[in-house]
1. Using a simple spin-label model with points 7 Å from Cα along the Cα→Cβ vector, what separation in nm is obtained for B:LEU118 and B:ASN190?
2. Given a 1.4 Å probe, how much area per residue of segment A:1-136 is accessible, in Å²?
3. May I ask you to derive the FRET efficiency for B:THR128 and B:PHE29 from their Cβ-Cβ distance with R0 = 22 Å, giving the value to the nearest 0.05?
4. Let me know the charge dipole size of chain A about its Cα centre in debye, to the nearest 20, where only the beta-carbon of Lys, Arg (+1) and Asp, Glu (-1) is charged.
5. Just checking the output field for A:98-106: average partner chain Cβ neighbours within 10 Å of each residue's Cβ?
6. Rounded to the nearest 0.05, what FRET efficiency do B:ILE168 and B:ARG210 have when you use their Cβ-Cβ distance and R0 = 41 Å?
7. Antiparallel versus total DSSP beta bridges in chain A: what percent is that, nearest 5?
8. In peptide A:57-70, what is the residue-averaged number of other protein chain Cβ atoms found within 10 Å of each Cβ?
Amino acid sequence: MIRASKLSKKYGAIDALIEVSFEVQAGEILGFLGPNGAGKSTTLKILSGYLPPSSGNASIAGFDLLQDSLAARRCLGYLPEAFQAPPELRVGEYLRFRARLKGVAAKKVVKQVQDCQKLLGLESKGRQIISTLSKGFQQRLGLADALLADPPSLLLDEPFSGLDPLQRQELKNLLLELAHKRNKAILFSSHVLPEVESVADRVHILHQGRTQVDGNIKTLSRQARDYSAVFLGLSYGAEELRNGLLSAKGPGGIQSVEVQGNNLLIQLCPDGSIPDLWKWLATESKQVQRFEILQPSLEELFLKFTAKKEETR
Amino acid sequence: MIPFLALFRKEMFSLFVSPFVYGLLAVWFLLNGLFFSFILGFPAVQNDLNLFPQYLFGSGLLVWLLLPSFPPLLTLRLFAEEHRLGTLEPLLSAPITDLAVVLAKYFASCLFFLVFWLGVLGLFLLLTLHGAELDWSRVGGGFMGAVLVSFLFLSAGLWASSWSGNFILAAGGGAAINFLLLFLPVLFENAPGNLGQISRQMNIPNMLDRGFAMGLFDSYALAYFPLLTLLFLWLTWVRLVSRRWVP
């Protein structure tokens, strides 16, 4: 389990992180989102034990990062942003070095390295010098490094960076397998929102060092009620129903209604209620064949929660 | 212990596969060969070969020029390169203590620097093969003093290397510290009062020339170099752990 409690970090007079708290349980994937400079990498550096927080505390697998840093780091696999490995080493040499550095017993080093190479598709690259690897393979090497010693918690800073679409899909599958089948707690930051949406169980959005929102995407959609939209599939009378919805006898709370052939796209106001709309339709209209609540995409949520902060500044 | 040995082995390996380090070795061997043959030509040395270790290890260019310059060139990559490449973060977030990181890098550089000295030892063996009768207690003492000084200069170089990812600062800073350690005591040894007294106690060429290179092992000198070395290793460790200090 990864736990951060009221983490703050100051760089001189600049507050890079302000009382950020969250937990990632075993078997859970938390997507860490935020615009550049939001404090994502700073949080991950703190959780990796590389940097201390200015205040607050954090723990990995129950070990406090400040009091018992070594034990915490033993339970952690960390992929830093823009991962780099010593360029003069070969892939196999580097992974064997890292396995020994992480305290893997001598007898198990070769097996662990082979397993990680296989998992990340690096079997054929064992003898290749790291400086000659493509960016995608360097990223895979960083992931293989993070998985060495089979840590229960993983911190991945921009793991999708530098990967082609096929590699992204493979990584998505790998993360899902690691969390849901191998019960690992995974915290990863990313700018690739569709990937986050399809992989993360929960998202945590940071902006200017503060938590904007934390929760699963469905919960966030409910929080973003003014973004709620309903799609109505009709057999006939789209124009007539549109007029009814917008009339004084309508359910109220409707911002706009767009006619799309025989269908309607209804955008609700912040005070609009989907149950009220449903009730009104049930009593007033017989031609509805399909009623679908449209959830805002993660990208819309992200923009909403980070833009709201900009407005309040 | 396992993480320490893993890092030590990796550092040794990285030194052995570095073309830059081989270039350093080549220049070191070339210059030492030149100094060696140059000193052999001195009339005083030709009259009494026992003076040879004193000229080479005590008052020659080896001590005044090469010893302060080469260790920082070897250590500059140990931290500065990791800073520059961005490999320090994965290293320091691994389950290894900061002290083990400092010591593994330091001992690897010390062991590798012995290769530098093996070449110089080879020149003495060559001399013996040609029939020269050497006083091996003086030669051994000279080597011991030189090795202790180089280990001290390696620790200063390591500290300079930990400052930033700038190679010029790492190498230049390390060399500057080493030259100050050599020259300042010599400059102030005749100063009145405590300054002169302290300078005479810290005079490294004197310790080599009138001690080690004469086959004399002074307990003060034997303690002086390791203690100063420990000071620089401690400063390197402080530099490393300072990132964990809460601002």
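The values are calculated or read from the model by the stated rules, or taken from the named source; none is laboratory data. Please read these numbers as outputs of a predicted model, since none were measured by experiment. Every residue, glycine as well, gets a Cβ built from its backbone with ideal geometry; the counts of neighbours run over all protein chains shown. In case anyone asks, the SASA skips ligands and DNA or RNA and just uses the protein heavy atoms, side chains included. Shrake-Rupley method; radii C 1.70, N 1.55, O 1.52, S 1.80 Å.
1. Between B:LEU118 and B:ASN190, the label points sit 4.4 nm apart.
2. Computed with neighbouring chains in place, this is 42 Å² per residue.
3. The value I calculate is 0.75.
4. Numbers: 40 positive and 34 negative charges, 260 e Å.
About 1240 debye.
5. Going residue by residue through A:98-106 and averaging, the value is 5.
6. 0.70
7. 70
8. 1
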